Amino acid sequence: MNVKLAESAGFCYGVERAVNAVCAEIAKGSAGIYTYGPIVHNDAVVRSLADKGVKVIKNFAELKSLAESGELDGATVIIRAHGVGKDVTDLLTRNGQPELSEAGIGRKGINVVDATCPFVKKIHKTVVEHYRAGEGILVTGSAEHPEVIGILGQINNDAVVLESVSDAEQIIPDNDRRYCLVSQTTFNVQKFKDIVDILQKKLYDVNIVDTICNATQLRQKEALALSRECDAMIVIGGRHSSNTQKLYDICSKECSMTYLIESLQDFTEKPDSSVRCVGITAGASTPKTIIQEVLKYVRDEF
């Protein structure tokens, strides 16, 4: 059995940085550690941190309630790699400061650790600059994804989200206005290119800013190549992870025997005896420990 592991499988820079920020607070013995939303879209990682006392604030309403009740006084709130909208930073920071340092004291003594991925921060800066210049903002991505919610939250949600080619085709352009297009960092690379082709034909003046993360592009490229070479593909990652789902979509189009698992425990069947080559890739929220467990199992048991 030939087993091939994608070189870029696993934690991306932004996710590793965010998880390390949480671990650093645990190591310091900080009292009352919270993350705004799950720090990563991986249940195993979230459960592991919960066992160490880290709590998850599910949404803005819960954050506001905790802050107003005083429960967060002296606690640490960590903003995950996806970033947040201005409403969250205004609530957490003293006097509603528009920017957060990576670590600083917020209102009522809340210790705020901003683990927003630098690449996401760059998108925030881009949309604010173009929005203030009067341009219409377009975002390729999922409207329900926390990263996109955070991007829209920089500009009062005054933007159009394009989740598909169909969405781009339905845009009615204002030819007297300039547009700026950015993307969720984990958006499908080919879909982004298809949407750009449509917009450049429909819109008179559009500024294309490709903000898909290089790690995302590399991961998707490797997944495509592996799925064309192998008889079976295993994609490891959280079922709520956008980038993992995109990897699965890419692989399943090229390789009919593609499995999506979150951990070794999700294996319910093995490929049949005709399989001679298995490819393995993993989403940006998948720890190395899980990848290595799956890799060893495939090599030993398949």
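The values are calculated or read from the model by the stated rules, or taken from the named source; none is laboratory data. Since we're looking at a predicted model, the values are computed, not measured. So basically every Cβ, Gly included, is an ideal-geometry build from the backbone, and we count neighbours across all protein chains shown. In case anyone asks, the SASA skips ligands and DNA or RNA and just uses the protein heavy atoms, side chains included. Shrake-Rupley method; radii C 1.70, N 1.55, O 1.52, S 1.80 Å.
Show me 240-250, 62-72, 129-139 ranked by packing, highest mean number of other Cβ atoms within 10 Å first.
Working: 240-250: 23.2, 62-72: 15.1, 129-139: 16.6.
Going from most to least packed, we get 240-250, 129-139, 62-72.
Any chance you could check the Cα centroid distance between the stretch 116-159 and the stretch 1-68 for me, in angstrom?
Going from one Cα centre to the other spans 23 Å.
Cut-off 10 angstrom, C-alpha nodes, Gaussian network model of the chain. Which of Val120, Val84, Val46 fluctuates the most?
Val46
Quick one: accessible area per residue over the chain, 1.4 Å probe, rounded to a whole number of Å²?
On the way: 14530 Å² over 302 residues.
Result: 48 Å² per residue.
Whose amide H sits under 5 Å from the amide H of Thr93, counting only residues 5 or more places off or on another chain, with H placed in the peptide plane?
Sorted by chain and number, the residues that satisfy this are Arg107.
If amide hydrogens are placed 1.01 Å from N in the peptide plane, which non-local residues have theirs closer than 5 Å to the one on Gly10?
Ala282, Gly283, Thr286
Would you mind checking which residues have amide H under 5 Å from Val56's amide H? H placed 1.01 Å from N; only 5 or more apart, or other chain.
Placed amide hydrogens put Thr35 under 5 Å from Val56.
Quick check: at a probe of 1.4 Å, how many percent of the accessible area of the stretch 150-302 sits on carbon and sulfur atoms?
C and S atoms contribute 44 percent here.
What FRET efficiency comes out for Val275 versus Asp90 if R0 is 41 angstrom and r is the Cβ-Cβ distance? Round to the nearest 0.05. Could you put the intermediate results ahead of the total?
Numbers: r = 54 Å, r/R0 = 1.31.
About 0.15, to the nearest 0.05.
Under the rule a/c < 1.5 gives rounded, and otherwise a/b versus b/c splits prolate from oblate, where does the chain land using the Cα gyration tensor?
Values: a/c = 2.69, a/b = 1.16, b/c = 2.32.
Oblate, because a/c is 1.5 or more while a/b does not exceed b/c.
Whole-Hz ³J(HN,Hα) for each residue in the stretch 214-223, computed from phi via Karplus 6.51 cos²θ - 1.76 cosθ + 1.60 with θ = phi - 60°, x for glycine and proline: what do you get?
4, 5, 5, 4, 5, 4, 5, 5, 5, 5
How much length is gained on full extension from Val209 to Lys296, taking 0.36 nm per residue of separation minus their Cα-Cα distance? Write down the numbers at each step before the final one.
Working: separation 87, 0.36 × 87 = 31.32 nm, distance 4.07 nm.
Gain on stretching Val209 to Lys296: 27.3 nm.
Using the basic label-point model (7 angstrom from Cα toward the beta carbon), what is the Arg132 to Asp174 distance in nanometres?
2.0
Please list 3J(HN,Hα) in residue order for the stretch 66-74, calculated via the Karplus relation 6.51 cos²θ - 1.76 cosθ + 1.60 where θ = phi - 60°; whole Hz, with x for glycine and proline.
Per residue, the Karplus-derived 3J(HN,Hα) values read 5, 5, 6, 7, x, 5, 8, 4, x Hz.
Efficiency by 1/(1 + (r/R0)^6): what FRET value for Gln200 and Arg17, r their Cβ-Cβ distance, R0 = 22 Å, to the nearest 0.05?
Working: r = 34 Å, r/R0 = 1.56.
Rounded to the nearest 0.05, the efficiency is 0.05.
How much length would be gained if the chain were fully extended between Lys122 and Glu7, taking 0.36 nm per residue of separation minus their Cα-Cα distance, in nm to one decimal?
Values: separation 115, 0.36 × 115 = 41.40 nm, distance 2.61 nm.
Extra length available between Lys122 and Glu7 comes to 38.8 nm.
Given the stretch 139-262, what whole percent of its Cα pairs are spread farther than 24 Å?
So the pairs more than 24 Å apart make up 33 percent of the total in the stretch 139-262.
What are the ³J(HN,Hα) values, in whole Hz, obtained from phi via the Karplus relation 6.51 cos²θ - 1.76 cosθ + 1.60 with θ = phi - 60°, for each residue of the stretch 270-281 in sequence order, with x given for Gly and Pro?
Computed from phi, the couplings for the stretch 270-281 are 10, x, 6, 5, 6, 6, 10, 9, 10, x, 10, 9 Hz.
Anything over 21 Å Cα to Cα? Flag those among Lys58/Lys86; Lys28/Lys288; Lys193/Lys221; Lys191/Lys253, in the order listed. Numbers along the way, then the final one.
Numbers: Lys58/Lys86 17 Å; Lys28/Lys288 24 Å; Lys193/Lys221 14 Å; Lys191/Lys253 14 Å.
Check vs 21 Å cut-off fails for Lys28/Lys288.
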